Amino acid sequence: MNIFEQYLDKIKQTLLDFSKKGDLVLPETLDGITAEIPPSKFNSDISTNVAMVLAKINKKPPLELANTLSDEIKKNDKLIDEISVVKPGFINIKLKPVFWTNFIKEIIQNSKSFGINTKENKKNYLIEFVSANPTGPLHVGHCRGAILGDVIANILLFNKHKVTKEYYVNDYGNQIMNFTKSVYYRIREINFNEPFPKDKEDLYPGDYLIDFAKNILNSNKKIDFEKFENISEELTVLSIDEALKLIKNNLNSLGINHDNFVSEKKLVANKEVEKVIEFLQKNKFVYKGKIKAPAGEDNDNWVEREQLLFRSTDFGDDKDRALQKSDGAWTYFASDVAYHKNKLDRKFDQLINILGADHAGYIKRISSSVEAISNSKGKLICKVSQLVKLIKNKKPFKMSKRKGDYITVDDLINEVGKDATRFIMLNRSSDVELDFDFDNVIEKSKDNPLYYVQYCYARIASVFRHIDKDLKSDIKIDNYDFEYSYDEINILKKISEWPKCIDASSNKLEPHRIPTYLYELASLFHAYWNLGKENPEKRFINKEKKITEDKLVFLKLISNVIKSGMDIVGVSVPEKM
């Protein structure tokens with residue numbers, strides 16, 4: 001039950017009825033009219049901009065029209081307590097307590113579907129996220145993007161869309177050959193006591209490669225590791241397999257599982273790059289040309305070479321992009337264009353890419369290529385996951401790690417756990433940098449948002465345990481006719497915002513809205529709980545050591561929303577803390 005949609009429909013119907021009398025002129029569409037959450041300073045439940053939208057076409061000041069429309073809206077709805085008009089022309093609606101009684105009855109009876117937008121068209125989404133090079137463990141930077149992609153998928157699934165989660169494996173190119181050589185030198189180190197050549201800059205120095213080397217040696221005793229050239233292809237396959245096992249374990253420890261892993265090497269082997277180039281040539285999206293030196297590059301050191309270029313400037317990019325290197329090999333961008341053609345051929349309605357902060361400049365060119373291939377603007381949505389700063393004792397924090405130059409996902413989870421990692425990584429919008437403060441994460445106070453939300457659920461569970469009831473079981477209500485106080489209605493108003501939170505999170509792909517909402521709901525609940533310390537009427541367990549039905553239903557309602565939101569975030573709700 002979305003009360004804002006419900007009242008928007010009522011307002012629009014009132015307008016249609018009123019216009020039939022000849023007292024109101026309506027535009028061709030009423031799409032600009034909204035029913036929103038009013039600012040907290042107003043003692044009301046719903047706010048609409050209807051008067052401001054219709055003022056110009058009716059040639060009346062917004063305040064004058066608002067007063068007229070207020071009378072019509074209230075006249076047609078017996079559940080409205082009062083209506084007020086505020087500058088510059090908003091109409092604020094306050095609902096009667098009986099409305100909230102009906103509201104509770106409906107969402108308790110339809111608890112499984114509360115928050116789901118049943119009216120919108122359902123789509124088939126492909127979300128590509130993480131897609132880190134298969135050369136080692138995931139680090140903290142990958143962690144935020146991984147959680148972002150996973151929770152966006154959870155939100156869309158909650159809203160009954162179809163979602164496929166995909167990982168693009170960059171297992172082709174020079175970096176993979178350098179990675180394979182690094183594993184080879186670790187094998188030589190183990191088998192032949194040859195020191196690892198630390199002076200070679202292109203090699204991967206992390207000690208985790210020793211584990212890769214040992215695993216390969218133990219499982220492939222018949223391979224002769226004497227000459228790299230003789231085994232490079234086979235060793236590449238084995239090395240990537242080891243890296244993917246580690247990456248999948250990292251993701252699993254975060255509670256993340258992908259549906260597909262797509263290999264860049266297989267795309268190249270299947271000639272998919274050549275096929276997409278042919279498509280682009282046929283449609284005159286490519287040409288032979290030279291690229292000028294990038295901004296900030298020393299022009300004296302830049303060599304202009306004739307290359308095969310994609311006309312990305314035709315789609316708003318700042319320059320055309322190379323598809324082929326001077327030696328004839330395909331660029332990373334060319335493989336990526338082929339991969340996105342592969343995605344489009346699988347007939348998804350919407351493609352979503354989660355990119356790291358270092359790939360923000362890549363968005364325009366890949367979006368341009370998708371537009372060219374699909375002849376459709378907006379088919380691809382890219383979300384950027386910004387940097388994470390780890391802080392402990394108010395200072396940048398570097399945990400112990402197995403050499404290399406980064407902090408791994410496993411390091412982070414071992415320090416604070418999966419729940420804290422997921423919740424805190426979502427605590428701010430993904431397009432701004434995040435401070436991950438370890439001191440706050442372990443604190444048992446409202447400064448730790450995860451603790452505060454989990455403690456809300458645990459407190460409710462404690463009440464249900466007291467009366468020997470299972471919090472997870474459904475509650476049946478028949479003749480439910482209670483009226484709630486101002487403090488309780490404040491919480492019910494926040495619960496009524498849950499469908500709007502889901503809608504905004506789903507439509508804007510902004511999952512940080514979920515933990516923010518849960519924290520606000522938990523804060524209202526804890527404040528109400530504390531009222532019981534001074535006012536016995538506010539206590540959930542009364543003097544007879546019982547709980548009244550209205551309080552039981554009230555608690556169940558809050559717990560349902562908390563559980564629903566935490567499931568989307570992928571975080572547990574313990575019943576004891």
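Kindly indicate whether ILE514 is assigned to a loop (DSSP other than H, G, I, E, B) and surrounded by 12 or more Cβ atoms within 10 Å (Cβ to Cβ). Please lay out each step first, then the result.
On the way: assigned to a loop (DSSP other than H, G, I, E, B): no; surrounded by 12 or more Cβ atoms within 10 Å (Cβ to Cβ): yes.
Judged against the criteria, ILE514 is not a match.
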| request: Within the range 339-348, identify whether any single residue is modelled with pLDDT of 95 or more, part of a helix (DSSP H, G or I) and among the hydrophobic types (A, V, I, L, M, F, W, C), and answer yes or no. | output: yes
| said: I'm told SER131 meets every condition in (1) under 21 Å from LYS160 (Cβ atoms); (2) within 26 Å of the chain's Cα centre (by Cα) except one. Can you identify the failing condition by its number? | reply: (1)
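Scan the range 198-226 residue by residue and report those that are basic (Lys, Arg) and at pLDDT 90 or above. Write out each step before concluding.
The initial filter retains those residues of the range 198-226 that are basic (Lys, Arg), namely 198, 200, 214, 221-222.
The answer is LYS214, and nothing else.
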| said: Against the condition in contact (Cβ under 8 Å) with a residue 12 or more places away in the chain, within 25 Å of LYS290 (Cα to Cα) and among the β-branched types (Val, Ile, Thr), how does ILE363 come out, does it pass? | reply: yes
| Do we find that ASN440 is at pLDDT below 90 and outside any loop (DSSP other than H, G, I, E, B) in this structure? | yes
| Is there a residue in the range 302-315 that is open to solvent by less than 30 Å² (accessible area, probe 1.4 Å) and in a helix (DSSP H, G or I)? | yes
| message | Step by step: first the residues of the range 10-26, then only those that are at pLDDT 90 or above and not in a helix (DSSP H, G or I), then the one that is least open to solvent (accessible area, probe 1.4 Å). Which residue is that? | response | LEU24
| said: Can you list residue pairs whose Cβ atoms sit under 8 Å apart, with the first residue in the range 30-56 being of a type in the set (Ser, Thr, Tyr) and the second being modelled with pLDDT under 90? Count only pairs 6 or more apart in sequence or on different chains. | reply: SER47/PRO39
| remark: Selection over the range 27-53 where residues are in a loop (DSSP other than H, G, I, E, B) and within 30 Å of the chain's Cα centre (by Cα) yields a count of 10
| said: Condition first: of a type in the set (Asp, Glu) and within 26 Å of the chain's Cα centre (by Cα). Can you find one or more residues in the range 453-470 that meet it? | reply: no
| remark: Restricting attention to the range 438-451, the residues that are among the aliphatic types (A, V, I, L, M), surrounded by 18 or more Cβ atoms within 10 Å (Cβ to Cβ) and over 18 Å from the mean Cα position of the chain (by Cα) number exactly 1
| task | Taking only the range 532-553 into account, find how many residues are in contact (Cβ under 8 Å) with a residue 40 or more places away in the chain, open to solvent by less than 50 Å² (accessible area, probe 1.4 Å) and part of a loop (DSSP other than H, G, I, E, B). | result | 3
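Do the conditions hold for ASP567, that is, is it open to solvent by 50 Å² or more (accessible area, probe 1.4 Å) and under 25 Å from GLN109 (Cα atoms)? Talk me through it step by step, then tell me what you get.
Details: open to solvent by 50 Å² or more (accessible area, probe 1.4 Å): yes; under 25 Å from GLN109 (Cα atoms): yes.
Against the criterion (open to solvent by 50 Å² or more (accessible area, probe 1.4 Å) and under 25 Å from GLN109 (Cα atoms)), ASP567 qualifies.
Can you find even one residue in the range 235-256 that is at pLDDT below 90 and aliphatic (A, V, I, L, M)? Steps first, please.
Taking the range 235-256 first, the residues at pLDDT below 90 are none.
Checking the range 235-256: not a single residue is at pLDDT below 90 and aliphatic (A, V, I, L, M).
Give me the residue from the range 177-223 that is of a type in the set (A, V, I, L, M, F, W, C) and open to solvent by 40 Å² or more (accessible area, probe 1.4 Å) and, out of that set, farthest from the chain's Cα centre (by Cα). Break it down into steps so the answer makes sense when it comes.
Pass one, the range 177-223, residues of a type in the set (A, V, I, L, M, F, W, C): 177, 179, 183, 187, 190, 192, 196, 203, 209-210, 212-213, 216-217, 223.
Now narrow it down to the ones that are open to solvent by 40 Å² or more (accessible area, probe 1.4 Å): 177, 190, 192, 210.
Working: MET177: 34, ILE190: 43, PHE192: 48, ILE210: 35 Å.
Checking each candidate, the answer is PHE192.
On the basis of being closer than 23 Å to ILE256 by Cα, in a helix (DSSP H, G or I) and either open to solvent by less than 70 Å² (accessible area, probe 1.4 Å) or at pLDDT below 95 (or both), does LEU524 make the cut? If you could, list the steps in order and put the result at the bottom.
Values: closer than 23 Å to ILE256 by Cα: no; in a helix (DSSP H, G or I): yes; either open to solvent by less than 70 Å² (accessible area, probe 1.4 Å) or at pLDDT below 95 (or both): yes.
Taking the combined requirement at face value, the residue does not satisfy it.
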| query | For the range 408-437, how many residues are surrounded by 22 or more Cβ atoms within 10 Å (Cβ to Cβ) and not in a helix (DSSP H, G or I)? | reply | 4
| Can you name every residue in the range 38-84 that is closer than 21 Å to THR101 by Cβ and either in contact with a helix residue (DSSP H, G or I) (Cβ under 8 Å, 6 or more places away or on another chain) or acidic (Asp, Glu) (or both)? | ASP45, ILE46, ASN76, ASP77, LEU79, ILE80, ASP81, GLU82, ILE83
| field | Looking only at the range 224-256, and only at residues there that are part of a loop (DSSP other than H, G, I, E, B) and in contact (Cβ under 8 Å) with a residue 12 or more places away in the chain, the one that is surrounded by the most Cβ atoms within 10 Å (Cβ to Cβ) | value | ILE256
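Rundown of residues vs (1) in a loop (DSSP other than H, G, I, E, B); (2) of a type in the set (Val, Ile, Thr); (3) open to solvent by 40 Å² or more (accessible area, probe 1.4 Å), yes/no style:
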{"site": "LYS78", "(1), (2), (3)": "yes, no, yes"}
{"site": "ILE104", "(1), (2), (3)": "no, yes, no"}
{"site": "THR118", "(1), (2), (3)": "yes, yes, yes"}
{"site": "ILE127", "(1), (2), (3)": "no, yes, no"}
{"site": "GLY149", "(1), (2), (3)": "no, no, no"}
{"site": "LEU157", "(1), (2), (3)": "no, no, yes"}
{"site": "TYR168", "(1), (2), (3)": "no, no, no"}
| Filter result (outside any strand (DSSP E or B) and open to solvent by 10 Å² or more (accessible area, probe 1.4 Å)) within the range 80-97 | LYS87, PRO88, LYS96, PRO97
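Collect the residues in the range 516-571 that are under 30 Å from ARG144 (Cβ atoms) and acidic (Asp, Glu), keeping them in residue-number order. Let's see the steps before the verdict.
Quick first cut of the range 516-571, residues under 30 Å from ARG144 (Cβ atoms) only: 516-526, 558-571.
Across the range 516-571, the qualifying residues are GLU520, ASP567.
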| said: Only one of LYS56, LYS60 is charged (D, E, K, R), more than 16 Å from VAL85 (Cβ to Cβ) and at pLDDT 90 or above. Can you tell me which? | reply: LYS56
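The values are calculated or read from the model by the stated rules, or taken from the named source; none is laboratory data. All values reported here derive from a predicted model rather than from experimental measurement. Neighbour counts run over all protein chains shown; Cβ positions are idealised from the backbone, glycine included. Remember, those area values only see protein heavy atoms, side chains included, never the ligands or the DNA or RNA. Shrake-Rupley method; radii C 1.70, N 1.55, O 1.52, S 1.80 Å.
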